[in-house]
Amino acid sequence: MPSYVITGASRGIGFALLDQLSEDANNVVVTIVRNKAATESKITTELPGRKNIFVLQGDLTDVESIKNAFTETKKLLGDSLDVLIANAGYISDYSGFLPLSELGSDTKALDADLNQLFQVNVVGNIHLFNIFLPLIKNGQAKKIVTISSGMSDEKLTLEIGLFEAGPYSISKAAMNMVNAKFQAEFKKEGIIFMGVCPGSVDTGHYDNPRENAYADWRLLAVSPEDLQRNIAMGGKFAGYAPGFKGWATPRDSARDVLNIVQKATMEANGGQLVSHFGNKQWL
Ligand SMILES: NC(=O)c1ccc[n+]([C@@H]2O[C@H](COP(=O)([O-])OP(=O)(O)OC[C@H]3O[C@@H](n4cnc5c(N)ncnc54)[C@H](OP(=O)(O)O)[C@@H]3O)[C@@H](O)[C@H]2O)c1
């Protein structure tokens, strides 16, 4: 039975991944979430009768909780795991639209924002990978997947002048190197470390996304200034991908991501970040 562990399936893309993977009764799907009771309740309501879903508690900023989740996973799956999907992530609304120079006017707030992003999106995932590697080594598929972002792509940043969301982009860029380092170490064991950008996905980070097709998911657009910044950034995306039709649903995004994961090979994906198209076209 193919086995999956997904972090952060309490909502958003993670929940959609959980839904699609558990539709196949042959799959066993474990998710690690911060609020176990709330996630179990959501699953009971929205995915009734799925006997192949198991919910464990774990917070990426609390390494002991991830070790406990590993122990519980072993009780459920035995000594092997096929695919680990590091989906959980911190998306900073605070720094979503400002350039680093403006964020620098409040050094304490910028420190806090950078540290939280690094702790969750980078350090937490490094611990997660190390803790779960013994099971992945015994799995059939041997894939460790990070749900990352095209915002981490230096080429895109320079091409369209994408100065926004520096701290978040930096945290995701760091994960590109984390994957490259793990890949360099574990290629000989056939374990694939890969990043996938899920596209631009409506996961509720913006109140009225449909009013602006290019609304960004990192901002709760509460002020007119933020809305203007949002529209300005949307203009950059529109110039980059004139055919872009706006946000994807979590369901469509999860389908695209899983398609990339199923087809992934060491040659094409090992240590690499690709988009939901499977290449470096981000929108
Ligand atoms: N949405 C997009 O357009 C988009 C684009 C590119 C990349 N991504 C990436 O895709 C992934 C999912 O995004 P999303 O839009 O679905 O985000 P989301 O709706 O904000 O969900 C984030 C998930 O991460 C979990 N999480 C946050 N901090 C955590 C921590 N310290 N420990 C464990 N879990 C934690 C959340 O749990 P709680 O429910 O407990 O808060 C939640 O399940 C993220 O890695 C994001 O960076 C998203």
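The values are calculated or read from the model by the stated rules, or taken from the named source; none is laboratory data. Being a predicted model, the structure only gives us computed values, none of them experimental. Every residue, glycine among them, receives a Cβ derived from its backbone with ideal geometry; neighbour counts consider all protein chains shown.
The set of residues from the stretch 163-195 being over 26 Å from G104 (Cα atoms) and either among the acidic types (D, E) or near the ligand (Cβ under 9 Å from one of its atoms) (or both) comprises E185, E189.
Of the candidates A238, A254, the single residue that is modelled with pLDDT under 95, small (G, A, S) and assigned to a helix (DSSP H, G or I) is A238. Those helices (runs of 4 or more DSSP H) of the stretch 83-185 in which 2 or more residues are touching a Gly at 6+ places or on another chain (Cβ under 8 Å) occupy 100-103, 154-160. Test G278 against the stated conditions and say whether it is under 30 Å from I131 (Cα atoms) and either modelled with pLDDT under 95 or within 16 Å of the ligand (Cβ to nearest atom) (or both). In short, yes. Of all residues in the stretch 87-126, those that are in contact (Cβ under 8 Å) with a residue 40 or more places away in the chain and among the acidic types (D, E) total 2. Condition test on T71, is it more than 16 Å from the ligand (Cβ to nearest atom), more than 24 Å from C197 (Cα to Cα) and either of a type in the set (V, I, T) or touching a strand residue (DSSP E or B) at 6+ places or on another chain (Cβ under 7 Å) (or both)? Against the criterion (more than 16 Å from the ligand (Cβ to nearest atom), more than 24 Å from C197 (Cα to Cα) and either of a type in the set (V, I, T) or touching a strand residue (DSSP E or B) at 6+ places or on another chain (Cβ under 7 Å) (or both)), T71 qualifies. Might you let me know whether the stretch 6-21 holds any residue that is more than 19 Å from R251 (Cβ to Cβ) and either in a loop (DSSP other than H, G, I, E, B) or more than 14 Å from the ligand (Cβ to nearest atom) (or both)? No.
State yes or no: is S80 closer than 20 Å to I6 by Cβ and within 10 Å of the ligand (Cβ to nearest atom)? No: the conditions fail for S80. When each of G124, G161, G150, G190 is tested for being touching a Leu at 6+ places or on another chain (Cβ under 7 Å) and either surrounded by fewer than 22 Cβ atoms within 10 Å (Cβ to Cβ) or under 28 Å from Q228 (Cβ atoms) (or both), the lone residue that passes is G150.
Scanning the stretch 22-36 for residues that are in a loop (DSSP other than H, G, I, E, B) and within 9 Å of the ligand (Cβ to nearest atom) turns up R34, N35.
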